[in-house]
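Notes follow the structure.
The values are calculated or read from the model by the stated rules, or taken from the named source; none is laboratory data. Note that the coordinates shown come from a computational prediction; the quantities given were computed from them, not determined experimentally. Cβ atoms come from the backbone with ideal geometry, glycine included; neighbour counts cover every protein chain shown. Just so you know, the surface numbers come from the protein's heavy atoms only, side chains and all, with ligands and any DNA or RNA stripped out. Shrake-Rupley method; radii C 1.70, N 1.55, O 1.52, S 1.80 Å.
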Amino acid sequence: MTFHIGLATTLSPAATGPAEFVAGVLPELARTARISCFVEDPGGVDPGLRERFSIRPLADRFDPSVDLLVYHIANNLTQAPVYDAAMAGPPGLLEIHDGSLHHMLATRTIGSDDTESYQDILQKGHGSAGGALARLRFHGHPAGIELFMFDLLKDLLERHLGAVVHNRYAADLIALRAPALPIWVVPLSAPPPAAVVDHSALGLPPGKLVIAHFG
């Protein structure tokens, strides 16, 4: 019997980052398991992906034939439906793409003048220090590094079976928030370049390795 993996994710072309990552790994996953992708809007997924893979509404994630449900979690509003699904369950494996959910949750609450929900989330995730930060925000304190220090991951992590991350920093952070949760570190990879790029237009010497981060 083929193992059935369900991916709760965002595959919209407008949603970069995790959406591109999932689209890139689908062919490899499909070689060893049956794959279903659960998304908010199946019609918004690239037609090529819809032709090759099973793309279904998020509500179908309760399908009893799914052996393991994997939630792809990231820190922006386009990923919010997947976060909501992960909070509601059923329990599965979390793939954490960002070491904080604070920016997304702050935008959803403070951005909609729902200060009470924002304070409740911070209080639940980080205790009295979180509540104090919420009050500072309400009095005009600008957001900064504290959005990463108060990551708001704990409540989500405690609802699931394990977590996949892409570096040791994220693994250590999750171990701090949910010490009993199994964690797997799967490094990100990059495909080899299709062709040698001429860097002379950038004023760089030929034959040198150039490493860049875009995004």
task: Match the structure shown to one of the listed values [x] 132; [y] 169; [z] 157 of volume of the Cα convex hull per residue in Å³, computed from it, and give that label.
output: [y]
task: Calculate the spin-label point distance for LYS124 paired with SER54, positioning each point 7 Å from the Cα along the beta-carbon direction, and give it in nanometres.
output: 3.2
message: Suppose every Lys and Arg Cβ carries +1 and every Asp and Glu Cβ carries -1, with no other charges. What dipole size does region 90-157 come out with about its Cα centre, to the nearest 20 debye?
response: 160
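Per residue, how much accessible surface does region 124-193 expose to a 1.4 Å probe? Answer in Å², no decimals. Before the final figure, lay out each step's value.
Values: 4190 Å² over 70 residues.
The answer is 60 Å² per residue.
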Percentage relative contact order, the chain, counting C-alpha pairs under 8 Å, at least six apart: 15
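With every protein chain present, what is the per residue accessible area of region 60-106 (1.4 Å probe, Å²)? Provide the component values of the computation, followed by the final result.
Working: 1500 Å² over 47 residues.
For region 60-106, the solvent-accessible area averages 32 Å² per residue.
Whole number please: convex hull volume per residue, Cα atoms of region 19-116, in Å³.
With only Cα atoms used, region 19-116 gives 115 Å³ per residue.
Calculated FRET efficiency, ARG135 and ARG31, Cβ-Cβ r, R0 35 Å, to nearest 0.05? Could the numbers behind the result be given before it?
Values: r = 52 Å, r/R0 = 1.48.
For R0 = 35 Å, the calculated efficiency reads 0.10.
Counting only protein heavy atoms and a 1.4 Å probe, tell me what percentage of the chain's accessible area is made up of carbon and sulfur.
On the way: 7200 of 12170 Å².
Exposed carbon and sulfur together represent 59 percent of the surface.
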- line: Given backbone amide H placed at 1.01 Å from N, residues whose amide H is under 5 Å from that of ALA8, ignoring those fewer than 5 places away on the same chain, are PHE38, VAL70, TYR71, HIS72
- prompt: Got a sec? Charge dipole of region 1-131, +1 on Cβ for Lys and Arg, -1 for Asp and Glu; which of ALA23, LEU105, GLY131 is way out at the positive end?
  reply: ALA23
